[in-house]
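Before I ask anything, here is the structure I am working with.
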Amino acid sequence: DSGVTQTPKHLITATGQRVTLRCSPRSGDLSVYWYQQSLDQGLQFLIQYYNGEERAKGNILERFSAQQFPDLHSELNLSSLELGDSALYFCASSPRAGSAVEQFFGPGTRLTVL
Amino acid sequence: DAKTTQPPSMDCAEGRAANLPCNHSTISGNEYVYWYRQIHSQGPQYIIHGLKNNETNEMASLIITEDRKSSTLILPHATLRDTAVYYCIVRGDNYGQNFVFGPGTRLSVLP
């Protein structure tokens, strides 16, 4: 158990819909990261927040957005869903930003778009 | 971030040491070598990381060559539960640097 929690574990929805994925980082961790893992793309970094502010962006679509709240939990919003958005979405956290700091991953949310 | 090259798959007998190689010939001086693993569809699990020196923790040892162009992750006594995909990642110190996961090595520990 990494200490990072994600809800829900599974989510099934239809094309065109909007969903919100939630992540609670490890106690004391200020940095939150979102990753997407699909069968054909592997694990891809989406976005990073540090203490409430966006720190880095990866391959995140414009239909996707995220935020980190004052209590440090984070939400990833996915809108106008397409079949290709079906994937595992992982959240990770670390005490701070920087390359010498490991990230701890949550168990993921499996999103299925029908 | 420097790219890494890993064999797509490896087998190891239970109880034996598993040695997983990784090439990162374009690594630069401020880039760390990280190892993660992913068991089935669970979240990636941190194993170990290092910059120049060899590192050891309760899970594994990391051996980095002197020129830093390659490294080896060693699981000293592999068990069936070590069957997973192992990712070698090189991560720089630039602002906003994050993990870039490649296809990794699928390690199968055989009874």
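The values are calculated or read from the model by the stated rules, or taken from the named source; none is laboratory data. Bear in mind the structure is a predicted one, so any value in this text is a computation, not a measurement. Cβ atoms come from the backbone with ideal geometry, glycine included; neighbour counts cover every protein chain shown. Protein only, heavy atoms only, side chains kept; ligands, DNA and RNA dropped before computing areas. Shrake-Rupley method; radii C 1.70, N 1.55, O 1.52, S 1.80 Å.
Of the chymotrypsin sites (Phe, Trp or Tyr not before Pro) in the stretch B:20-111, which ones lie in a loop per DSSP and count no more than 10 other C-beta atoms within 10 Å?
Sites meeting the loop and neighbour criteria: B:Tyr95.
Between the stretch A:50-68 and the stretch B:23-68, how many Å separate their Cα centres?
Each part reduced to its Cα centre gives a spacing of 26 Å.
Still on this model: Averaged over peptide B:42-48, how many Cβ atoms belonging to another chain are found within 10 Å of each residue's Cβ?
6
Of all the accessible heavy-atom surface of the stretch B:36-78, with the other protein chains kept in place and a 1.4 Å probe, what percent is carbon and sulfur?
47
Something else: What ranking of B:Ser9, A:Ser93 comes out by heavy-atom accessible area, probe 1.4 Å, highest first?
So, going from the largest accessible area down, we get B:Ser9, A:Ser93.
Something else now. Under the √(5λ) rule applied to the eigenvalues of the Cα gyration tensor, what semi-axes describe the equivalent ellipsoid of the stretch A:8-114? Give them in Å, descending.
Value: 23, 13, 12 Å, ordered largest first.
Can I get the semi-axes of chain B's equivalent ellipsoid? Compute them from the C-alpha gyration tensor as square roots of 5 times the eigenvalues, in angstrom, largest first.
Calculated on Cα positions only, the semi-axes equal 23, 15, 12 Å.
Going down the table (A:Lys9/B:Lys69; A:Lys57/B:Lys52; A:Lys9/A:Lys57), which pairs top 30 Å between alpha carbons?
Distance filter (> 30 Å) returns A:Lys9/B:Lys69.
Could you compute the longest span of chain A free of trypsin sites (Lys or Arg not before Pro) located in DSSP loops and having at most 12 other Cβ atoms within 10 Å, not counting the site residues?
Between exposed loop sites, the widest span is A:19-95.
Sticking with this structure for a sec: What is the percent of Cα-Cα separations in the protein assembly as shown that go past 30 Å?
Result for the distance tail: 24 percent.
For the pairing of chain B with chain A, what total accessible surface becomes buried, with a 1.4 angstrom probe, in square angstrom to the nearest 100?
1600
Using only the alpha carbons of the stretch A:75-114, what is the convex hull's orientation-averaged projected area in square nanometres?
For the stretch A:75-114, averaging the hull's shadow over all directions gives 3.7 nm².
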